[in-house]
Every structure is written in C-alpha cells, then in structure tokens.
Amino acid sequence: MGRKRPTIKDVAARAGVSIATVSNVFSGNKPVNADLQERVRKAARELAYEVDRAASQLRSGQAKVVGVLVPDLDDVFFTSLVSQIEVLAQADGYDIIVASSRDDVGIQHSRLRAMLAWRPSGLIVVPCSDAVPPVLAEEVARLPIVFADRVPPQGSVVDTVAIDNRDAGSIAARHLITLGHRDVLVAASHLSISPIRERIAGAADLMRATVQREPTVIELGSNAERGAEILRHWLERHERPTAVIGLTNVTTLSALSALAQLRIDIPDPVSVIGFDDYPWMSARRTGLTAIRQPIGDMAAAAWERLRLRMAGEAEPPRAIVLGTSLQVRDSTMTLRAPPAESAAPAPVRRGPVKLRAVKDS
C-alpha cells in the first residue's frame, strides 16, 4: 500500500497551528505573521505537502490561478515575459496557465474560452491584433484583465503595460543617422500590429526631419526562416542598404540569416540594429547593437496591476508606458564616406506616417 498523502490537518499538527492558519498561509485570504508562515511552510516541506487546488477551487468558487496568453511561445520575448510573470505569481501563491494564440484570432478566441472555463482569478493577455478580443469584452466587468506589450491604439478598457514604441524606433534611427547612414532598411514583422507601426513611425519621423529620407520597410512575418527567405530574395534584387533595423527579435534573426546566406558582413558593408537584448547578441563574434526592452519591468508592472485588481482595486484603467535603451556593440559602424546631407536635427513631425511596405514578390 502506498504512503498516505499528507493533509492540511497533518501540516497544522506538525507546525503547532490551527487548520485555518495553514489555509490562510497558502490561500492568502487573511494575513499571517512571518514567523507563523515560516513554521507552516517548513512543516509542509518536511511532509511533502502540496495544496489541493481542485478542493480549494470547489470551496472558494474560484481557482487561485491566473491565465497568461501570448501570441507565440517560439518567440523568446514572450517566453521570457511568461517566465518572469510565473515567478512573481508563484511568490504570491498563484499558479499560471499558459497558452499561445499562434498569432491567429480564431485560435486566440478558443484559448481564451478554455482559460475562462478554469474560472481564473485574472488574465494577462498579449493580443494577437489591435482589437480587444470579443470574448474578453464580455468579461471585463467581472474579471481582472491586463493587456501587455500590444496595446489597442484607440485605448483600452483594462490596464495596459507597454513600451514607448515610437521612441524605440527613434532611438534606433538616431544612432544610425549619427553614424552617417541614410539608406536604412526596416525589417518589420506584421504591419497590422500597432507596436510595429509605431516603431516604424518613430524611425521614419526622425529620418524625414533630419536627413529628408525615409526607411524602406519590409514585412517579414513572425517566422524567422520564412522571413530570412523573403529578405534574402529582396536583397538579391535591390540596391543594398547600408543599415538594417530589426523591429523584433525574430526579424533580427531573419536579417542576420539573410545577410549570412549572401555572405554580407556586419558591420561592413551593412550595419545592423536588433530588437530585444539577449545573451546571444553579445556572445557573437560581432556583438549586436540592440534596442533593449525592459522585460523584467514589464512583467512586474503587469503582475502588479493584476494583483491590485484581484485585490479589489476599482480605479479607472491605467496605461503604463516603459522606456527602452540602446546597447551599442560592434554591429554598427560609421560610414567611411558619409553622404553630403546634413544630419542636423530638425523638429520631429508627429502624426500619420505613410509606410512604404515591401512584400515578397
């Protein structure tokens, strides 16, 4: 006969506390002082006790579970975001359910329906489009929800956490302009996503205002191999740019792959700025200059907003916007003979930007 599974009663007896105290330690329903918490957790570890989430849900009517939905679990940005949210949630006594929409509106709807069936305490969602998922429009009145990274451009009915995407595009363009670059190629993922359009607009605004040029924009999608094929095909048929900006880590990989396939060295003759900043970018023989997103801060802000909403905060929706930074390495260089145009900055015009997107043909 197998060993009997320890119960909450066993933990209470070993810690010398009441069953209610043990319950409050693991549920967080009522505060418990630090000394008692440590006694209870120590007893639980010694007994190899695990909280029965199903029984807890039956008693409370709600699982101490949070759903996290992202567009693509193959994308290291999203897996990093999920990983950090998971650590924060666990510290507050929550488990998380993770799913991917595969950047498909229909799959997104199905995944959200499945998550809602768990009766979660809240959701953190990275939508796969600019629109608020219809299934969530029905839930916002009762369920705490936070949107992260991709924020509806017209505003949101829930809390949002994102970076200043327009400024990120400006930072990348400013660095290249300072180095004398005028012929810049922007490797975008999907122009249907507002953060991507904002990054392009930031770069285009600055280039127009300073060097009277606009970047060429190529839409590569969110698959690195397919993106590399599209970009390689384009490079074979057009005059080579002096610099490339990858607007996501996936399009950055696509750009690096396409240049490698054509045996085009970095940074001479082509400088490259990537997006997101991961260890592999500095571990390369030619370290990659990159826009760094504060993923840790984004995860912390999203979790804090959700935690406060789950605790009952009823204030109007908040929009949190975080800044990015430029990590300069060896993948960008000053042109040997900069063009004659002046790079003296002029006032940046804000407003709609006409995008010249190029697709594979």
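The values are calculated or read from the model by the stated rules, or taken from the named source; none is laboratory data. In this text the structure is predicted, and so the values were computed from the model without any measurement. Glycine gets a Cβ as well: all are built from the backbone with ideal geometry, and neighbour counts include every protein chain shown.
Just one of (1) surrounded by 13 or more Cβ atoms within 10 Å (Cβ to Cβ); (2) at pLDDT 95 or above fails for L355. It is (2). The residue that is surrounded by the fewest Cβ atoms within 10 Å (Cβ to Cβ), counting only those in segment 241-274 that are outside any helix (DSSP H, G or I) and free of Cβ contacts under 8 Å to residues at least 40 places away in the same chain, is R263. Determine, yes or no, whether A201 is modelled with pLDDT of 95 or more, touching a His at 6+ places or on another chain (Cβ under 6 Å) and not assigned by TED's automatic domain parsing to the domain that holds A131. Judged against the criteria, A201 is not a match.
Residues of segment 80-103 being β-branched (V, I, T) and closer than 13 Å to D149 by Cβ, which ones? Correct list: V82, I85.
Residues that are under 30 Å from V22 (Cβ atoms) and among the acidic types (D, E) within segment 93-111 comprise just one, D95.
Here T289, T251, T242 are screened, and the one residue that is at pLDDT 95 or above, hydroxyl-bearing (S, T, Y) and closer than 30 Å to Q154 by Cα is T251. The strands (runs of 3 or more DSSP E) falling completely within segment 128-226 that include 2 or more residues that are closer than 26 Å to L306 by Cα map to 145-148, 159-163.
Any residue at all in segment 129-147 that is buried (at least 24 other Cβ atoms within 10 Å of the Cβ), within 14 Å of I320 (Cβ to Cβ) and touching a Pro at 6+ places or on another chain (Cβ under 7 Å)? Yes, that holds for at least one residue. Here is a check on your reading of the model: is R329 among the basic types (K, R), outside the structural domain of V87 (by TED's automatic domain parsing) and out of contact with any helix residue (DSSP H, G or I) (no Cβ under 6 Å at 6 or more places or on another chain)? In short, yes.
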